[in-house]
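Note sheet for the following structure.
Read-outs: derived from the displayed coordinates by stated rules, not from any lab. None of these values were measured; they are calculated from a predicted model. We place every Cβ from the backbone using ideal geometry, glycine too, and count neighbours over all the protein chains shown.
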Amino acid sequence: MASTLEKFIHSLDPRALPRVLQIQSGIYFQGSIYEMFGNECCLSTGEVIKIIGFKINKLIASICENNEVSRFSAKVELPLNFPGLYKVVADKTPYVSIEEITRKVSIGPTRFGHPCFYSPEDIKLANLTIKHGEQITFNSVEKVNGTMAVNCGVVRNNQSHSFTLPLSQEGKFYECEDDQIYTLKEIAEWKIPKCRNRIVKLSNTLHTWDSSNPLPENFDGCLILTPVYEVQAVMKFRKDIVHILSDLDVEVKDITDCYDISSFLQPLSLEDVFERTSKEFPMVAEIMEGPSGSQKPYNLLHTGKEIVIYKKYQPTRVLASEIRSDSPKRHFLIPMSYKGKFKRRPREFPTAYDLEIARSEKEQLHVVATKAFDSPHKELFSVSVGDQFLVQQCQTSEVLYEGRKKVIDVLACEQILSDTYKKVLLPMYMEGGFVEVIHDKKQYQLSEICKEFRLPFNVKVSVRDLSVEEDVLAAVPGLQFEEEITDSYLLISSTSSPVESWEIPVYRLNMSVHLLSRDVQTVVPPATKTTVEEISEEQYYMVRRYENQTLHPPPRPPKKPT
């Protein structure tokens with residue numbers, strides 16, 4: 001059955017991709033010429049295209065009154081970078097099953113991908129009963145004992161309880177009120193369900209307003225947002241990926257079940273290539289859609305270029321963040337082959353417990369107090385701003401508490417006086433402030449720091465990496481090395497001039513290729529160039545999440561006796 005492209009894409013489940021569509025009617029009888037991002041394509045009646053992906057490109061907004069479009073409101077077009085912060089208004093229409101929620105609502109690894117729902121009736125599980133009205137957080141979707149289910153959680157008395165709900169679970173599930181605020185881009189990526197519109201309320205009024213602003217002056221009400229998708233498609237006789245907006249006035253028919261999908265070129269993402277077995281490498285590929293970016297090697301990876309993919313592997317990187325009090329901070333992934341040198345920078349410690357964590361056998365930790373602390377026990381030391389200490393070790397000590405002796409954890413230190421040292425005890429729960437005093441003037445290679453010191457570790461570049469044209473780290477006043485990670489990369493070079501090979505990240509580069517049935521002339525890659533990669537805030541949290549998901553969190557610092 002034919003439908004408009006807009007209606008088809010709005011109801012399409014991404015998990016059902018790819019889909020083969022036949023154009024039933026275009027804007028003109030002879031077909032429609034359509035151009036976007038410099039890609040011109042002709043969608044003639046009868047043309048067959050393969051949909052391989054789609055994402056929200058822009059939003060159509062209408063002013064909302066009483067949860068309905070205002071009779072006096074014209075529709076306006078909002079780009080995803082339109083300024084302002086917005087609150088999501090909970091949808092009053094219930095979902096009828098867990099399966100419907102997973103099909104229409106974005107559930108993913110970031111904080112945006114944990115939607116919350118409640119049921120007006122109790123849900124009885126094997127070892128837990130979810131009470132009516134109780135907020136259920138949806139964390140992830142995965143197969144549990146052979147059945148697809150959602151990992152969920154509820155919080156009771158500050159305790160989190162985890163459980164799973166099968167996709168077959170039916171009932172009424174309503175969205176919970178959301179007190180977070182979001183940018184329009186975040187709402188577009190995570191908070192607009194399939195087949196539904198989204199009502200949002202402007203949380204902060206725009207600081208400046210001019211005549212080009214599509215919203216009324218001093219507007220602080222609600223908007224109904226309708227997404228317009230950018231559809232990525234492959235055509236029969238083209239080697240690139242074409243981009244089509246979903247509101248294009250064409251009708252389409254889904255013919256996937258009766259069409260040989262293998263007759264199209266098969267675009268592969270970098271993740272698809274990485275999932276191939278090691279025996280299949282090296283391979284020759286042609287880029288169907290290259291990444292954006294002016295930094296090498298991304299500026300060399302343009303559409304139509306042929307590359308050799310030598311191997312897949314997971315090298316070590318050091319995750320580093322810029323040291324600054326305000327945000328946003330810049331984040332970097334530094335290869336172990338980085339040839340610059342670093343000098344140490346003082347670390348800051350908010351509690352005595354952090355001093356114990358940072359303490360090492362290699363050298364004594366010397367700190368200065370930046371915040372005063374009055375000890376409630378005469379057996380323990382009261383700290384003044386400017387006091388200097390050498391950190392010794394963790395131990396226990398007896399203190400008098402409400403007339404009774406109590407054993408607590410303390411940190412043994414030596415206070416540095418003008419001509420002597422004084423042994424003192426600091427309570428481990430002490431919330432103060434300390435800054436490190438650096439005596440070490442040595443310059444270190446990255447590998448030396450990772451070998452000799454415990455991360456996190458503060459540094460600044462003292463000698464830039466002369467093997468690269470521009471060392472992005474050299475301009476950063478201070479860096480904190482947070483942790484060593486392993487990440488997935490492909491090693492590639494150009495087929496036309498294979499004088500050097502490059503590592504490209506698998507999960508942070510938006511690039512599509514199709515494989516060519518040609519033999520690789522040389523299986524040994526040329527000299528490898530590695531680069532410092534600057535990553536976005538969202539990529540930073542994704543990297544940290546995947547690195548830490550198998551680690552246990554550090555123990556919590558002791559609480560102050562109450």
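What distance in nm separates the simple spin-label points at Glu500 and Lys329, each placed 7 Å from Cα in the Cβ direction?
That separation, rounded to one decimal, is 3.0 nm.
Compute the long axis of helix 537-548 from its Cα atoms, compare it with the longest principal axis of the Cα atoms of the chain, and write down the angle in degrees, 0 to 90, nearest 10.
70
Chymotrypsin sites (Phe, Trp or Tyr not before Pro), restricted to segment 68-137: which are DSSP loop and have at most 14 other Cβ atoms within 10 Å?
Phe72
Once the Cβ-Cβ distance between Lys423 and Lys343 is put in as r, and R0 is 35 Å, what FRET efficiency do you end up with, to the nearest 0.05?
Result of the calculation: an efficiency of 0.65.
Let me understand segment 229-366 better: what is its radius of gyration from the alpha carbons, and its Dmax, in angstrom?
Calculated on Cα positions, Rg and Dmax stand at 24.3, 74 Å.
Could you give the length gained on full extension between Arg454 and Lys236, defined as 0.36 nm per residue of separation minus the Cα-Cα distance, in nm?
The Arg454-Lys236 span can extend by a further 72.9 nm.
Restricting to DSSP loop positions (anything but H, G, I, E, B) with no more than 15 other Cβ atoms inside 10 Å of their own Cβ, which chymotrypsin sites (Phe, Trp or Tyr not before Pro) remain in segment 405-511?
Taking segment 405-511 and a limit of 15 other Cβ atoms within 10 Å, the loop chymotrypsin sites (Phe, Trp or Tyr not before Pro) found are Tyr507.
Quick check: residue separation of Arg544 and Thr147 times 0.36 nm, minus the Cα distance between them. What number comes out in nm?
140.0 nm
Taking the radius of gyration and the Kirkwood hydrodynamic radius from Cα positions alone, what is the Rg/Rh ratio for segment 467-522, to two decimal places?
1.07
Provide Rg and Dmax in Å for the chain, with only Cα atoms included in the calculation.
Both quantities, over Cα of the chain: 29.2, 96 Å.
Can you give the helix-only mean residue ellipticity at 222 nm for the chain, where every DSSP H stretch with n ≥ 4 adds -39500 (n - 2.57) and the sum goes over all residues, rounded to the nearest 500 deg cm²/dmol?
Taken over the chain, the calculation gives -2500 deg cm²/dmol.
Given the Cα atoms of segment 319-378, and with Rh set as the inverse mean 1/r over their pairs in the Kirkwood sense, what is Rg to Rh to two decimals?
Result for segment 319-378 is an Rg/Rh of 1.06.
Given R₀ = 51 Å, what would the calculated FRET efficiency be for Glu99 paired with Arg464, taking r from the Cβ atoms and rounding to 0.05?
That pair, Glu99 with Arg464, gives E of 0.40.
Taking Rh as the Kirkwood radius computed over C-alpha pairs, what is the Stokes-Einstein D of segment 58-191 at 10 °C in a medium of viscosity 1.306 mPa s, expressed in µm² per second?
Rounded, D is 96 µm²/s.
What distance in nm separates the two pseudo spin-label positions at Ser536 and Asp409, each 7 Å out from Cα along the beta-carbon direction?
The answer from the label model is 3.9 nm.
Under 20 Å from the 7 Å Cα→Cβ point of Arg111, by amide nitrogen: which residues of segment 494-536?
Zone members listed by number: 535-536.
Please compute the modelled spin-label separation between Gln392 and Asn158, points set 7 Å along Cα→Cβ, answer in nm with one decimal.
It works out to 3.4 nm between the two label points.
For segment 308-410, run through the GluC sites (Glu not before Pro) and keep only the ones in DSSP coil with at most 12 other Cβ atoms within 10 Å of their Cβ.
The qualifying sites are Glu361, Glu363, Glu402.
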